[in-house]
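Engineer: Pasting a structure here, questions to come.
The values are calculated or read from the model by the stated rules, or taken from the named source; none is laboratory data. Just so we're clear, the structure is a prediction, and the values are computed from it rather than from any experiment. When we count neighbours, we look across all protein chains shown, and the Cβ atoms used for this are built from the backbone with ideal geometry, even at glycine. Side chains are part of the model used for accessible areas, which takes the heavy atoms of the whole protein and leaves out ligands, DNA and RNA. Shrake-Rupley method; radii C 1.70, N 1.55, O 1.52, S 1.80 Å.
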Amino acid sequence: MNRASGRFGPAEGDAWRCLARMQERLHGRVARRLQADSGLSAADYVVLVHLTEAVGGRMRSADLARAVEWEKSRMSHQISRMVKRGMVLRAECPEDGRGAFVVVTPVGREMIQSAAPGHVATVRRLFVDLLTPEELGTLAGVAGRVVDQLDRRSE
């Protein structure tokens, strides 16, 4: 990269564009398959994953928004849609009257448990099975390093 010009070098630009295209295409195809197979949107699924992995199946709304890198308003709208479908509920936070918990319901647990095998099969078919174990390890290492840096910064 020519840092002074603010431009990528050929290898940097190619790597970034390829990563972006891969992410866009994978996300789109995985999301369409998830919706068709389970009726869950990608947003439903990511929220349910975080909640089902959280202690007690609950997270503060603001913490959930930070975990998935969404604005608070987007999270609020998503949770409202999920409440209407019975997947989650809002609960008051006794320690903080301003905060609220989002809690996965039995319906939400059943929906993600039902959707997960097909979702994993899709991700495996479109991504995992195309890579060698060594490539998967390298990719996990690179992605982990980037995520660690992002977690340290508040940009």
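Engineer: Sort through Gly108, Gly56 and tell me the only one that's in contact with a strand residue (DSSP E or B) (Cβ under 9 Å, 6 or more places away or on another chain), more than 22 Å from Leu26 (Cα to Cα), open to solvent by less than 60 Å² (accessible area, probe 1.4 Å) and assigned to a helix (DSSP H, G or I).
Structural biologist: Values: Gly56 fails: open to solvent by less than 60 Å² (accessible area, probe 1.4 Å).
Exactly one of Gly108, Gly56 is in contact with a strand residue (DSSP E or B) (Cβ under 9 Å, 6 or more places away or on another chain), more than 22 Å from Leu26 (Cα to Cα), open to solvent by less than 60 Å² (accessible area, probe 1.4 Å) and assigned to a helix (DSSP H, G or I), namely Gly108.
Engineer: What is the residue count in the stretch 120-140 for residues that are part of a helix (DSSP H, G or I) and exposed (fewer than 10 other Cβ atoms within 10 Å of the Cβ)? Don't jump to the end; show me each part of the working.
Structural biologist: Start the filter on the stretch 120-140 by keeping residues that are part of a helix (DSSP H, G or I), which leaves 120-126, 128-130, 133-140.
Narrowing further to those that are exposed (fewer than 10 other Cβ atoms within 10 Å of the Cβ): 129, 133-134.
Of the residues in that region, 3 qualify.
Engineer: For the stretch 73-100, what are the residues that are part of a strand (DSSP E or B), of a type outside the set (D, E, K, R) and either in contact with a Phe, Trp or Tyr (Cβ under 6 Å, 6 or more places away or on another chain) or open to solvent by 30 Å² or more (accessible area, probe 1.4 Å) (or both)? Even if it seems obvious, please write down each step before you answer.
Structural biologist: Of all residues in the stretch 73-100, those part of a strand (DSSP E or B) come to 88-92, 100.
Filter once more, so that each one left must be of a type outside the set (D, E, K, R): 88-89, 91, 100.
Matches in the stretch 73-100: Leu89, Ala91, Ala100.
Engineer: Yes or no: the stretch 82-95 includes at least one residue that is under 30 Å from Arg21 (Cβ atoms) and of a type in the set (D, E, K, R).
Structural biologist: no
Engineer: Would you mention how many residues in the stretch 59-70 are among the charged types (D, E, K, R) and either modelled with pLDDT of 95 or more or in a helix (DSSP H, G or I) (or both)?
Structural biologist: So in the stretch 59-70, the residues among the charged types (D, E, K, R) come out as 60, 63, 66, 69.
Those still in the list that are either modelled with pLDDT of 95 or more or in a helix (DSSP H, G or I) (or both) too: 63, 66.
Count: 2.
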